[in-house]
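The values are calculated or read from the model by the stated rules, or taken from the named source; none is laboratory data. Keep in mind that what you see is a predicted model, and the values were worked out from it rather than measured. We place every Cβ from the backbone using ideal geometry, glycine too, and count neighbours over all the protein chains shown. The accessibility values were calculated without ligands, DNA or RNA, using every heavy atom of the protein model including side chains. Shrake-Rupley method; radii C 1.70, N 1.55, O 1.52, S 1.80 Å.
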Amino acid sequence: MTQSLLQIRNLSVALPKGADRAFAVHDVSLEVKPAEILCVVGESGSGKSVLTATLMGAAPRGLRVAGGTAEMGGRDLLTLTERQWRDIRGKDIGMIFQEPMASLNPALTVAQQIEEVFELHSDYPRAERAARAKKLVEEMHLPEPDRILKSFPHQLSGGQCQRVVIAMALAMSPKLLIADEPTTALDVTTQAQVLKLIRELRDNHGHGIIFITHDLGVVADIADRIAVMRRGEVVEIGSAEQVLKAPQHDYTKTLIAAVPSLVPRDRPAAETEEAPALTVSALNHSYGAKQVLHDITLSVAPGRVLSIVGESGSGKSTIARNLIRLTDPTSGTIAVGGEPILDLKGGALRRMRRRIQMIFQDPFGSLNPRRKVGPMIARAAMLSGANRAEAVERAKELLELVGLQRNAYDRRPAAFSGGQRQRVGIARALAMRPDVLIADESVSALDVSVQAQVLDLLADLQKRLSLAVVFITHDLRVAAQISDEIVVMSKGHVVERGPANEVLTRPQHPYTRDLIEAAPGRGAF
Amino acid sequence: MFVPYLKKPLVLIGGGLALGWLLVAIFAPLIAPYDPLQTLQPLAKPMVAGAKGELFLFGTDMLGRDIFSRLVWGARTVVIYSTLATLTAYAFGLLFGLIAGYAGGRTDAVLSFLANVVLSFPVLVLYIVIIVVIGASPVNIVIAVTFSSAPAIYRIVRGITIDVASRDFVKAAVTQGESTLRILFVDILPNTTGPLAVDFCLRLGYTAITIGTLGFLGLGLPPPTPDWGGMVNEGRAMAIAFPHLVIFPCIAISSLTLGLSLLADGLREVNDAKERHA
């Protein structure tokens, strides 16, 4: 039996008085062995980030360790002073954060930042530091290491930055690596590469790794052992095989059931060929000299869902902004119910807006924090022509329709969770009785169990109200759950389109194949 | 909703001082023992009984007027004109800030240029020039303060507006076909109030100082109106022999300003905590 690298026993971290629970982390016991990836999985608020921050001696202000030990190399990490911590961070424990751009200093080159780690923790001479930095960058499979070393963070892509961060974390070959959602901000194909790199670290260098994530797909790809956290407690812990294939705890079962799979859902074929509710043809969009959309042509019939799938920079959000006329395309036409909308102005434009509504990505940014949700929805109804009494009644009906209580009417957004807010956003869009609904990454910010509920709600409403839906997402797995048709975009071009089933099971374009290949947890669920 | 504010000592002390002066201003006729303009006995020392047995709490000035009564009535002048001037400055700053921040482009460029021109003058010089040109009167003081404070308020509002306007709920309002006016005043304006409440308290204090300064420079309210700054000015020449002529008006000005500054600090702390919490 191998010696464990880190042994956490009965760790509790207390929340300040007045929080919704007493402990951020309660009675957690975990161990990490060398050459092992321990995934800590949990949804937002599960305490997983507080746990890692505590292990780095950087618990957020106001939180206090209330008991337990975290033993590493014969020392209890929880009793160290700040001075002792400085010696351990970077040297014995490396840390990788979620936002690669934010964890690098924008004013220093990559070489300077990596060498700085050596300056702090070693007495290597200058030439040795430079040589080691270069070797690290090479090990991260970064192309043109010499160019990368001379670059500033803004000259690199997100994936490259994250690899630089990993290089820095590994500079002193720490025995333990803590990675907090290291791939969440990355595109799916980049994520696959970073995950591969992390597996290599385990296999070739024997690092023990604590990997925090909310994505069970990623877990399935990478974990040796899994700890599932909920409301600060570890509810289940075991080998990856055990937890994923034979989960014991109900919560784990719910989580696993909610993971969207790449297998398309059965959706009835269109009964009759209806005139499309939305047609887009030959849409081009440029920002200055940079063309971000090339000849986009789409159409959606009433009662059908079209997904636009693509990574960041593919132009999918620009299409959404064009559709709701927040920006105007350089050329092309958009028609709602056969009526071209790009030339409309003033009152005519305002009347048209009612027919094409949007559900936004961020449930925290899309509702005005100062307004009560009921009047917000009722106002939308009034703008579409209802009188006050009708509008109030419609708002209350819609709140029920999206699965909230009627008494939610008088509450402000702060009283709702992310998923509930997204329901309010849907109700507000529906209050205008639109023909076309645009959902721009509308479930991306939600926890996986909530995501599944909101997807079900959307699919149900869309069928009942015979809405034409344009569903924009970066996640093929989510698209598989709701689409009749899928359009795959890359760098402003449509590279593949077809019925969801066809695209997912028999992809024609190499890029689509890459996307499917990179989808985390493929085959596990 | 207001409970977190009432738990802050800063808010309590600052608010207490400011509220105290407000009450003094409102109930001036009940509090002041004498008519502030009436000559009673020249240059009586504080707490010394007068010839007819009157008690002059803070003494009397060289024209024999009771300083305590003049301070009490002066509070009314300060409270009324600082508030009025600050409010009008806010009306203009808010209006143009919202427009510039939301419209952007050329509108923003022109308005911001004008604001910067005004802001590039030293404030005091600006006041003096304005008052000298249009004359010293209550209305003109309000105009002068508005003219020189509105650009600073404009800049704050414009900044917040640019931030708020980029949020999705504003886009949602646009896509619902909401009118621009309603978006500005119903969706954006209420979201600017946190930082603005802090600025309002600070600015109210500055304005009180400004009105005091103008009074001191002889550009304030024309005599014999009781005016704190004017009282300091009048007592200046004899301040060495009769320090009570200037000390009490100075304490009045600084206690009001201090109160408002503490209140602003307290509000900011609570707002920041709220933001962190959200």
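Summary of values
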item: Excluding exposed DSSP-loop trypsin sites (Lys or Arg not before Pro) (at most 10 other C-beta within 10 Å), longest clean stretch of chain A; result: A:62-344
item: Surface accessible to a 1.4 Å probe, per residue, for the residues of chain A, Å²; result: 44
item: Table column - 3J(HN,Hα) (Hz), the range A:113-120, Karplus curve with 6.51, -1.76, 1.60, x for Gly and Pro; result: 6, 6, 5, 4, 4, 5, 4, 6
item: Dipole of chain A [Lys/Arg +1, Asp/Glu -1 at C-beta], most positive-end residue of A:Met72, A:Ser286, A:Ser4; result: A:Ser286
item: Cα-centred dipole magnitude for the range A:358-433, charges only on beta-carbon of K, R (+1) and D, E (-1), debye, nearest 20; result: 220
item: Segment A:Arg411-A:Thr333, extension gain: residue separation times 0.36 nm, minus the distance between their alpha carbons; result: 24.0 nm
item: Partners for A:Lys91 among lysines (Cα-Cα distance below 21 Å; same-chain residues under 8 apart left out); result: A:Lys33, A:Lys134, A:Lys135, A:Lys175
item: Minimum 20 Å² accessible area buried by the other protein chains, the range B:139-180 residues, probe 1.4 Å, relative to alone; result: B:Asp168, B:Phe169, B:Lys171, B:Ala172, B:Val174, B:Thr175, B:Gln176, B:Gly177, B:Glu178
item: HN-Hα J in Hz across the range A:339-354 - Karplus 6.51, -1.76, 1.60, θ = phi - 60°, x for Gly and Pro; result: 9, x, 10, 6, 8, 5, 9, x, x, 5, 5, 4, 5, 5, 3, 4
item: Kyte-Doolittle at least -1.0, axis length at least 15 Å by Cα - qualifying DSSP helices, chain B; result: B:9-26, B:67-103, B:105-119, B:123-134, B:138-165, B:193-216, B:244-277
item: Pairs beyond 19 Å (Cα-Cα), from A:Lys17/B:Lys8; B:Lys8/B:Lys274; A:Lys372/B:Lys8; A:Lys396/A:Lys463; A:Lys17/B:Lys7; A:Lys316/B:Lys171; result: A:Lys372/B:Lys8; A:Lys396/A:Lys463
item: Loss of accessible area when A meets B, both sides summed, Å² nearest 100, probe 1.4 Å; result: 1800
item: Rounded accessible area of B:Tyr34 (nearest 10 Å², 1.4 Å probe); result: 50
item: Cut-off of 10 Å, at most 16 other beta carbons, DSSP loop: longest stretch of chain A lacking such GluC sites (Glu not before Pro); result: A:1-270
item: Förster-model FRET efficiency, 22 Å R0, B:Gln41 and B:Ile240, C-beta, rounded to 0.05; result: 0.55
item: Dipole magnitude of chain A about its Cα centre (Cβ charges: Lys, Arg +1; Asp, Glu -1), debye to nearest 20; result: 1720
item: For A:Glu36, distant residues with modelled amide H under 5 Å away; result: A:Gly208, A:Ile209
item: Per residue solvent-accessible surface (Å²) - the range B:170-222, probe of 1.4 Å; result: 33
item: Degrees, to the nearest 10: A:373-383 long Cα axis against longest axis of chain A; result: 30
item: Point-to-point label distance, A:Met101-A:His509, nm (Cα→Cβ direction, 7 Å offset); result: 2.5
item: Contact order relative to length of the range A:100-173, as percent, for alpha carbon pairs under 8 angstrom and 6 or more apart; result: 50
item: For A:Met95, residues with placed amide H under 5 Å, excluding near neighbours; result: A:Gly90, A:Ile178
item: Cα→Cβ-extended label distance, 7 Å offset, between A:Glu82 and A:Val263, nm; result: 5.5
item: Accessible surface of chain A [probe 1.4 Å, protein heavy atoms]: carbon and sulfur percent; result: 48
item: Sequence-distant aspartates and glutamates (8 or more away, or on other chains) whose Cα lies within less than 17 Å of A:Lys345; result: A:Asp328, B:Glu178
item: Table column - 3J(HN,Hα) (Hz), the range A:320-326, Karplus curve with 6.51, -1.76, 1.60, x for Gly and Pro; result: 4, 5, 5, 4, 8, 6, 7
item: Interface residues in the range A:303-338 - accessible area drops by 40 Å² or more relative to the isolated chain, probe 1.4 Å; result: A:Leu326
item: Surface accessible to a 1.4 Å probe, B:Trp228 within the full protein complex, Å²; result: 10
item: Nonlocal amide H pairs with B:Phe58, under 5 Å, H built at 1.01 Å; result: B:Met47, B:Ile67, B:Phe68
